[in-house]
1. Search the stretch 211-239 for residues that are aromatic (F, W, Y) and pair each with any residue that is not in a helix (DSSP H, G or I) when their beta-carbon atoms are under 6 Å apart and the residues are at least 6 apart or on different chains.
2. If V276 passes every condition in (1) over 28 Å from F117 (Cβ atoms); (2) in contact with a Cys (Cβ under 7 Å, 6 or more places away or on another chain) but one, which one does it miss?
3. Output yes when any residue across the stretch 186-200 is in a helix (DSSP H, G or I), within 16 Å of the ligand (Cβ to nearest atom) and closer than 24 Å to S136 by Cβ, and no when none is.
4. Conditions first: (1) part of a loop (DSSP other than H, G, I, E, B); (2) without any contact (Cβ under 8 Å) to a residue 24 or more places away in the chain; (3) over 30 Å from N4 (Cβ atoms). S118 passes all but one, so which condition is the exception?
5. Of (1) small (G, A, S); (2) under 20 Å from the mean Cα position of the chain (by Cα); (3) surrounded by 17 or more Cβ atoms within 10 Å (Cβ to Cβ), G242 satisfies all except one. Which?
6. Restricting the search to the stretch 357-386, which residues are open to solvent by 50 Å² or more (accessible area, probe 1.4 Å) and within 13 Å of M338 (Cβ to Cβ)?
7. Within the stretch 222-231, count every residue that is away from the ligand (no atom under 12 Å from the Cβ) and either touching a Pro at 6+ places or on another chain (Cβ under 6 Å) or under 30 Å from D53 (Cβ atoms) (or both).
8. Can you tell me which of (1) within 24 Å of S172 (Cα to Cα); (2) more than 20 Å from the chain's Cα centre (by Cα); (3) surrounded by 16 or more Cβ atoms within 10 Å (Cβ to Cβ) is the one A224 doesn't meet?
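The values are calculated or read from the model by the stated rules, or taken from the named source; none is laboratory data. Only a predicted model underlies this, so the values are computations on that prediction, with no experimental measurement involved. Quick reminder, even Gly has a Cβ in these numbers, built from the backbone with ideal geometry, and neighbours come from all protein chains shown. Only protein heavy atoms, including side chains, enter the accessible area calculation; ligands, DNA and RNA are left aside. Shrake-Rupley method; radii C 1.70, N 1.55, O 1.52, S 1.80 Å.
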Amino acid sequence: MKINQNFDSLVPNYLFAEIAKRTGKYIEEHPDKKVIKLGIGDVTLPLAPVVVDALKKGADELGVKETFKGYPDYEGYAFVREAVANYYASFGVAVDKDEIFISDGAKSDTGNIGDIFSADNVVLVTDPVYPVYVDSNIMAGRKIVIAPSTEENGFCAMPDESVHADIIYLCSPNNPTGSAYSADQLKVWIDYALKNDAIILYDCAYEAFITDDCPRSIFAVEGARQCAIEFCSLSKTAGFTGTRCGYTVIPKELERDGHNIYKLWYRREATKFNGVSYPVQCAAAAVFSEEGQKQIKENLDYYKENAKIIASALDELGIYYTGGKNSPYIWLRCPNGMGSWEFFDYLLENAQVVGTPGEGFGDCGKGYFRLTSFGDRDNTIEAVERIKKLLSK
Ligand code: MLT
């Protein structure tokens, strides 16, 4: 037998596994130190009460013969898809419930969608980039081309008309840089995709953090239905990082190479995925209820306040940063010309604060660093105090 040799082309560890490994080693060697983790974007606030109630009610129903459920529908229960469609309508985007798949998160679906595309497609990613897009395509043996996101373009990479791509990953608000595309910028990407007969894989896992008029969905922009698939997640919106639920939207009319994309993904899901558990789908539907939206907003506001606390510390220190406005992530330039991993070690060793080295997101992330606002408030305040003390020396 032979192993998939493409795995040899991956960096040895998934970025956040590498960070966890290094942090774990430090904690083991310094058991007396309190380490504050502002690295992986994992939430710290509990699920909203209305969500927990729905989860429990769903579980109770499974314990009663009359309401027991077995396998869910491959595309997710209609009541959740309806709730998602209504959510889109609340910000003016028309999506039919029969264009929605309920998933266990955007990570899985952005990683798995490649199953329906041939290995010889050219994949375009913006750099820095969420590593899942790159790693999953390396595993499949696809050629990857880069559109650089830099300080010069406000970390909003735009297409190079001389470069051809078949599959385009966009993430807005962006992980890791926190930048968000305007409708005009998205239109440029849509026109480029249509010209190249490409498909945009649009990850809007952080749309709930948008505070200005940037689109919350690519389907708010004309032409997207002819070239885009959208992925979203309740991980960051509603604290589902451990509960696991997201959704993927595929316009029914989206076709490529003589195939209907919705049908292909349905075929793939029916083969490899048995869906999200009933109690979790009940919890997801509760997120989109009126009370659910109110309760999750309180949590989102809490994280947005954390972002302000981090940003104001960086302002005081005179450190360049971006993000934190439409996004839970603050993207900063490492001080004193330090490299990303160098700054990671420096912060861990001298302030016991964990962040994410920008370089882990690609070459354009070299010399940058990401801090998350998903921490607990007291820990966030303590972390920025430690950073201020260390860097103002
Ligand atoms: C991140 O920190 O970039 C995210 O938590 C990763 C993810 O959502 O999988």
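1. Final answer for the pair search is F219/V93; F231/D203; F231/T248.
2. Failed condition: (1).
3. Here is the first cut: in the stretch 186-200, the ones in a helix (DSSP H, G or I) are 186-196.
Of the ones still in play, those that are also within 16 Å of the ligand (Cβ to nearest atom) are none.
The answer is no; no qualifying residue exists.
4. Here S118 meets the rest and fails (3).
5. All conditions are met except number (3).
6. Residues of the stretch 357-386 open to solvent by 50 Å² or more (accessible area, probe 1.4 Å): 359, 363, 366, 376-378, 381-382, 385.
Across the stretch 357-386, the qualifying residues are E359, K366.
7. Taking the stretch 222-231 and keeping what is away from the ligand (no atom under 12 Å from the Cβ), we get 222-230.
Now restrict to residues that are either touching a Pro at 6+ places or on another chain (Cβ under 6 Å) or under 30 Å from D53 (Cβ atoms) (or both): 225, 230.
Residues that pass the stated criteria total 2.
8. The single condition A224 does not satisfy is (2).
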